[in-house]
Amino acid sequence: MAGIPAAQAVEGLRALSRQMREDVFTIAYRAKSGHLGSAFSVIDLLVCLYFHHLRLKPEKPDDPDRDRFILSKGHGCSALYAVLAERGFFPKDDLATCTKDGNRFPGHPSSTLTPGVEASTGSLGHGLGVGVGMALAAKLDERPSRTVVMVSDGECDEGSTWEAMLAASHWKLGGLTCIIDYNKIQSFGRVSEIMELEPFADKWRAFGWHVQEIDGHDHEQILASLAATSLAGSRPHAIIAHTVKGKGVSFMEDAVGWHYWTPQEEHYKQAMAELRSC
Amino acid sequence: MRTTFVKTLLAIAKRDPRIMLLTGDLGFTVFEEFRDTLGRQYLNAGVAEQNMVGVAAGLALSGRRVFVYSIVPFVTFRCFEHIRNDVCYHNLPVCIVGVGGGYSYGHMGSTHHALEDIAVMRSLPNMKVLCPGDPLETEALVHAIVEQDGPCYLRLGKAGEPTLHMEPLSLTIGRAIEMRSGQDLTLIASGTMLERALEIADRLQGGFVRASVLSMHTVKPLDVEAVRKAAAATPLLVTLEEHSRIGGLGSAVAEALSLEGLAVRHLLCAAPDGFATYAGSQEYLRACAGLTVPSICKRIEEVCRVPA
């Protein structure tokens with residue numbers, strides 16, 4: 001799949017995002033897990049990636065020509081799990097096991113446990129370097145495979161992220177895309193207060209990347225920016241996705257606490273009501 | 001060892017296009033031939049070891065077998081979590097190659113010394129820890145690394161180490177090599193101390209003490225069977241390593257003795273838990289650490305004088 005889909009298809013992706021938000025909230029509610037705000041800010045991006053952009057075959061997960069996706073901000077993995085299930089990497093019912101000991105869905109993704117997870121992440125500052133290696137292998141092998149890495153804004157405090165940025169442009173990895181989930185809230189406060197990233201786009205450009213800035217919840221903008229990464233060229237692509245932490249549920253939106261809090265019954269009821277009415 | 005390593009790897013890589021060599025901007029006068037011969041299998045990743053290890057993992061996840069090279073502290077401590085999460089967690093065929101084991105970079109100062117690397121590398125799940133004792137063990141281990149599928153740490157000396165084995169080896173990872181046989185004690189040596197162990201055995205023989213010598217080129221997985229046999233055959237085990245006394249070969253042997261319930265005396269010869277007090281050559285620093293042939297012989301004699 002490539003290019004911009006018809007309006008009807010975009011509406012389908014929007015509907016899927018709504019459904020994914022319900023699924024993710026349900027996972028978090030059942031598992032009593034946190035990081036819900038971080039998962040909600042990337043759902044629209046993940047839906048566009050897995051249901052339009054990435055060339056993947058769940059029935060042939062080891063295809064060497066497949067596209068690779070790494071969720072470097074591994075703490076948002078409940079969103080990835082919901083999307084992978086919906087895409088057919090494993091039965092959706094499996095997600096219900098996340099409350100039980102011995103399940104395959106840890107709080108940070110593991111490629112040895114969960115089908116469809118390309119790389120294990122959880123500690124920030126790892127995914128982009130691994131993605132650089134994957135994109136480099138594809139380039140050396142002259143394979144059509146593209147690599148997409150999603151990092152958080154807080155993750156851009158890590159020096160290793162900048163090491164990888166430097167290497168990706170030096171090695172001319174036009175097949176690599178980094179999506180930055182720029183929800184402006186990191187672990188313990190606002191990015192602008194903890195460790196300012198601005199002028200953020202200028203920094204990526206200065207490192208030699210092709211940079212796009214989009215509304216990370218606008219499906220049309222997401223799809224257009226992903227389509228632009230398919231253009232031939234040697235510069236790696238950065239998509240700075242302006243997002244809202246906890247997007248889609250009023251009490252979670254732009255709230256630092258929903259990096260940590262686990263939803264209670266009243267939260268669950270209210271969230272479901274809001275998501276089903278929109 | 002360093003020269004043997006790169007020559008061996010080059011010969012293998014010419015036949016096996018999956019092999020890649022990544023360096024953290026080191027290898028002047030060492031890697032030029034590899035770079036010029038196999039440019040597509042060579043990459044200078046710059047002075048950025050964390051990224052280099054991540055890139056190695058990404059390459060390995062795409063089918064490559066990757067060797068990652070730098071001076072020990074930079075390719076182990078600096079990027080430890082990247083080795084843990086990116087390489088070991090994924091159980092990938094990535095070999096971390098550290099040059100400068102022990103006090104090899106003596107004059108360079110403590111930032112360049114490697115005395116805690118085996119301890120930390122040994123603690124990582126899936127990681128094999130390999131410390132060749134001479135160029136022939138280095139050559140054989142590089143072949144063995146390519147033939148297995150998981151993470152390895154290859155700890156090299158620097159350059160100019162003598163050849164101690166008589167002929168090229170075919171060794172097995174995790175299987176010690178008996179180099180001398182004796183009934184009074186067993187010297188178990190790894191890496192840069194193997195040469196010393198042989199000298200110690202010679203000197204002890206002059207005093208009619210017959211020592212076995214085991215080259216424990218693999219610290220993990222440790223050859224527990226060889227330790228068990230040595231404990232049964234001789235009343236004293238002496239471990240020799242150019243590494244901190246915490247967490248290296250001596251610790252591994254002590255753990256094996258404890259876990260196996262083996263009652264045998266164990267003399268642990270290693271560097272003290274500390275940074276070098278003064279600057280100096282490798283020989284000077286070894287002497288400061290008590291890792292010379294006379295000082296180890298003296299300790300052995302003292303232990304032997306005390307009844308078990």
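The values are calculated or read from the model by the stated rules, or taken from the named source; none is laboratory data. Predicted, not measured: the structure shown is a model, and the values here were computed from it. Glycine gets a Cβ as well: all are built from the backbone with ideal geometry, and neighbour counts include every protein chain shown. The accessibility values were calculated without ligands, DNA or RNA, using every heavy atom of the protein model including side chains. Shrake-Rupley method; radii C 1.70, N 1.55, O 1.52, S 1.80 Å.
Before moving on, here are some points about what is shown:
- Selection count where residues are open to solvent by less than 20 Å² (accessible area, probe 1.4 Å), over 21 Å from A:Leu173 (Cβ atoms) and facing another protein chain (nearest Cβ under 10 Å), scope region A:105-140: 2
- Residues in region B:259-308 that are part of a loop (DSSP other than H, G, I, E, B), open to solvent by less than 50 Å² (accessible area, probe 1.4 Å) and among the aliphatic types (A, V, I, L, M): B:Leu262, B:Val264, B:Ala276, B:Ala289, B:Leu291.
- The set of residues in region B:139-161 that are outside any helix (DSSP H, G or I) and open to solvent by less than 20 Å² (accessible area, probe 1.4 Å) comprises B:Gly150, B:Pro151, B:Cys152, B:Tyr153, B:Leu154, B:Arg155, B:Leu156, B:Gly157.
- First in region A:109-134 and closer than 13 Å to A:Arg68 by Cβ and free of Cβ contacts under 8 Å to residues at least 12 places away in the same chain, second anywhere and in a loop (DSSP other than H, G, I, E, B) and among the acidic types (Asp, Glu), Cβ under 9 Å, 6 or more apart: A:Ser111/A:Glu118
- Wholly enclosed helices (runs of 4 or more DSSP H) of region B:22-88 bearing at least 3 residues within 11 Å of chain A (Cβ to nearest Cβ): B:49-61
- For region B:269-289, residues that are under 17 Å from B:Gly101 (Cβ atoms) and among the polar types (S, T, N, Q) total 2.
- Hits in region A:22-47 (condition: β-branched (Val, Ile, Thr), in contact with a Phe, Trp or Tyr (Cβ under 8 Å, 6 or more places away or on another chain) and open to solvent by less than 10 Å² (accessible area, probe 1.4 Å)): A:Val24
- Screening A:Asp101 against (1) modelled with pLDDT under 95; (2) assigned to a helix (DSSP H, G or I); (3) charged (D, E, K, R) leaves a single unmet condition, (2).
- For B:Ala119, the requirement of being closer than 19 Å to B:Glu49 by Cβ, in the same structural domain as B:Leu10 (by TED's automatic domain parsing) and either assigned to a helix (DSSP H, G or I) or of a type in the set (Lys, Arg) (or both) is met.
- All conditions but one from (1) open to solvent by less than 10 Å² (accessible area, probe 1.4 Å); (2) in contact (Cβ under 8 Å) with a residue 40 or more places away in the chain; (3) within 17 Å of the chain's Cα centre (by Cα) apply to A:Tyr50; the one that does not is (2).
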